[in-house]
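Okay, so here's the structure we're looking at.
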Amino acid sequence: MPMQPKVPFIDLKEQYRVLKPSIDARIQAVLDHGQYIMGPEVAELESCLAEYVGVEHCVGASSGTDTMMMALMAIGVGPGDEVITSPFSFIASAEVVSLVGATPVFVDIDPTTYNINSDLIEAAITERTKAIIPVSLYGQCADFDEINAIALRHNLVVVEDGAQSFGAEYKGKKSCGLSSVGSTSFFPSKPLGCYGDGGALFTNDQALADAFRQLRIHGQSSRYHHPIIGINGRLDTLQAAVLLSKMERFEQEVEARQNVATRYRELVSIQCPTVVLPYLHSHNVSVYAQFTIRVDNRDAVRQKMIDNGVPVAVHYPVAINRQPAYQNTVEAGSTPVSDEMASKVLSLPMGPDLDSESQEMIVSTLASVLRDTA
């Protein structure tokens with residue numbers, strides 16, 4: 001029978017303890033003014049996030065899934081169109097394409113970074129291709145110079161799925177500010193997470209920003225006037241308040257995540273030499289949304305880690321194009337690298353407040369489990 005977890009997979013309680021005075025005060029301010037929908041904290045957060053990313057416009061929304069769908073709606077993706085994306089991600093990356101009536105086209109990943117293989121993108125472009133959605137997985141940005149160059153040659157829009165990479169950098173520029181549109185998620189376990197669902201869109205294009213703002217309020221341009229079909233995609237004021245508090249500490253947390261990753265690398269390389277560690281390009285700064293390793297006998301290793309009180313996770317056990325919703329379609333495609341990685345990846349507990357003693361326990365348990373399952 002599995003032991004009670006010795007450490008949390010991500011310690012949101014400790015993060016709240018550190019930020020409690022600020023978070024409580026921010027929430028109380030919302031309770032006092034009572035503007036729970038589109039209150040002043042939403043605009044304040046948008047300004048803060050736009051400045052952080054280095055773009056002109058940020059538009060807060062109800063979730064990272066809704067932001068991706070709004071981005072596709074704003075650029076006119078619909079029935080008959082195709083959108084190229086990665087099969088190695090959470091299903092939302094492709095789901096939003098299907099929800100607007102278009103077809104996701106899956107391009108396999110780079111086996112070192114797990115991001116979409118930019119060398120394979122151009123061959124997947126057809127006359128129906130409208131956009132590319134690169135996923136910046138595990139906290140490391142995709143190859144945006146090459147992807148943007150391909151998009152420019154073929155008149156495509158690039159929408160970064162930065163749900164796991166907010167705070168990361170690519171060649172000195174922040175994730176979500178690397179392409180035509182950036183999208184992120186504020187799901188609680190993300191690098192910058194709220195206390196429910198939330199997300200944001202980023203762009204330097206005024207027309208797109210205006211479209212995002214209209215789409216998130218049912219396509220409304222003025223009260224009860226709806227020139228276009230939109231969604232209920234607003235970011236709650238309470239969530240904006242929580243995020244404003246968390247931004248006070250966010251840069252420290254990004255640095256702390258990198259320190260945790262460095263300790264993991266040192267410990268794992270010594271105690272578990274057969275494990276494949278995350279690969280980081282020299283021009284990238286990862287925010288390590290997950291610290292994901294590769295192991296043989298992954299399912300057995302995962303279960304034994306849990307049995308020994310170490311919570312681990314698999315991101316992701318099945319490529320999107322192998323999901324029942326997609327596996328019988330012609331567009332599912334051949335993605336051997338994604339299929340292989342799905343059978344080997346394992347995410348260890350990760351977070352800015354993970355202490356060295358806990359990491360030593362996690363890695364020593366991993367070393368023992370690897371010996372037992374060899």
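A few comments on the model shown:
- Yes/no for PHE187 being surrounded by fewer than 21 Cβ atoms within 10 Å (Cβ to Cβ) and outside any strand (DSSP E or B): yes
- Looking only at region 271-302, and only at residues there that are part of a helix (DSSP H, G or I) and open to solvent by 40 Å² or more (accessible area, probe 1.4 Å), the one that is nearest to ARG17 (Cα to Cα): ARG302
- Flag if VAL254 is open to solvent by less than 60 Å² (accessible area, probe 1.4 Å), closer than 24 Å to GLY64 by Cβ, among the hydrophobic types (A, V, I, L, M, F, W, C) and part of a helix (DSSP H, G or I): yes
- Pairing each residue of region 35-55 that is farther than 15 Å from ALA209 by Cα and part of a loop (DSSP other than H, G, I, E, B) with any residue that is among the basic types (Lys, Arg) and open to solvent by 60 Å² or more (accessible area, probe 1.4 Å), provided the two are 6+ apart or on different chains, yields C-beta distances under 9 Å for MET38/ARG234.
- Residue within region 72-85 that is within 19 Å of the chain's Cα centre (by Cα), in a helix (DSSP H, G or I), modelled with pLDDT of 95 or more and crowded, with 21+ Cβ neighbours inside 10 Å present: yes
- Region 324-339, residues that are of a type in the set (A, V, I, L, M, F, W, C), at pLDDT below 80 and open to solvent by less than 80 Å² (accessible area, probe 1.4 Å): ALA332
- Test: residue in region 25-40 that is over 23 Å from the mean Cα position of the chain (by Cα), modelled with pLDDT of 95 or more and crowded, with 20+ Cβ neighbours inside 10 Å: yes
- Just one of the listed residues (THR112, THR65) is over 19 Å from ALA211 (Cα atoms) and open to solvent by 10 Å² or more (accessible area, probe 1.4 Å), namely THR112.
- Scanning region 141-156 turns up no residue that is open to solvent by less than 10 Å² (accessible area, probe 1.4 Å) and in a strand (DSSP E or B).
- Any hit, region 217-232, residues being under 20 Å from TYR36 (Cα atoms), touching a strand residue (DSSP E or B) at 6+ places or on another chain (Cβ under 6 Å) and among the basic types (Lys, Arg): no
- Unmet criterion (only one of (1) within 28 Å of VAL254 (Cα to Cα); (2) under 17 Å from the mean Cα position of the chain (by Cα); (3) open to solvent by 60 Å² or more (accessible area, probe 1.4 Å)) for GLU95: (1)
- Verdict on VAL268 being in contact with a Pro (Cβ under 8 Å, 6 or more places away or on another chain), at pLDDT 95 or above and either assigned to a helix (DSSP H, G or I) or closer than 22 Å to ILE10 by Cβ (or both): no
- Contact annotation: residue pairs with Cβ atoms under 6 Å, 6 or more positions apart or on different chains, pairing a residue in region 112-138 that is closer than 10 Å to ILE84 by Cβ with a partner that is in a strand (DSSP E or B) and open to solvent by 30 Å² or more (accessible area, probe 1.4 Å), are ALA131/VAL157.
- Of all the residues in region 215-229, those that are within 19 Å of ALA43 (Cβ to Cβ), touching a residue at least 12 places away in the same chain (Cβ under 8 Å) and in contact with a helix residue (DSSP H, G or I) (Cβ under 9 Å, 6 or more places away or on another chain) number 2.
- Some residue of region 162-171 being charged (D, E, K, R), touching a Phe, Trp or Tyr at 6+ places or on another chain (Cβ under 7 Å), in contact (Cβ under 8 Å) with a residue 24 or more places away in the chain and surrounded by fewer than 21 Cβ atoms within 10 Å (Cβ to Cβ): no
The values are calculated or read from the model by the stated rules, or taken from the named source; none is laboratory data. Because the structure is a prediction, the values reported are computed rather than measured. Methodologically, a virtual Cβ is constructed for each residue, glycine included, from the backbone with ideal geometry; neighbour enumeration extends over all protein chains shown. Note: areas computed on protein heavy atoms with side chains; ligands, DNA, RNA excluded. Shrake-Rupley method; radii C 1.70, N 1.55, O 1.52, S 1.80 Å.
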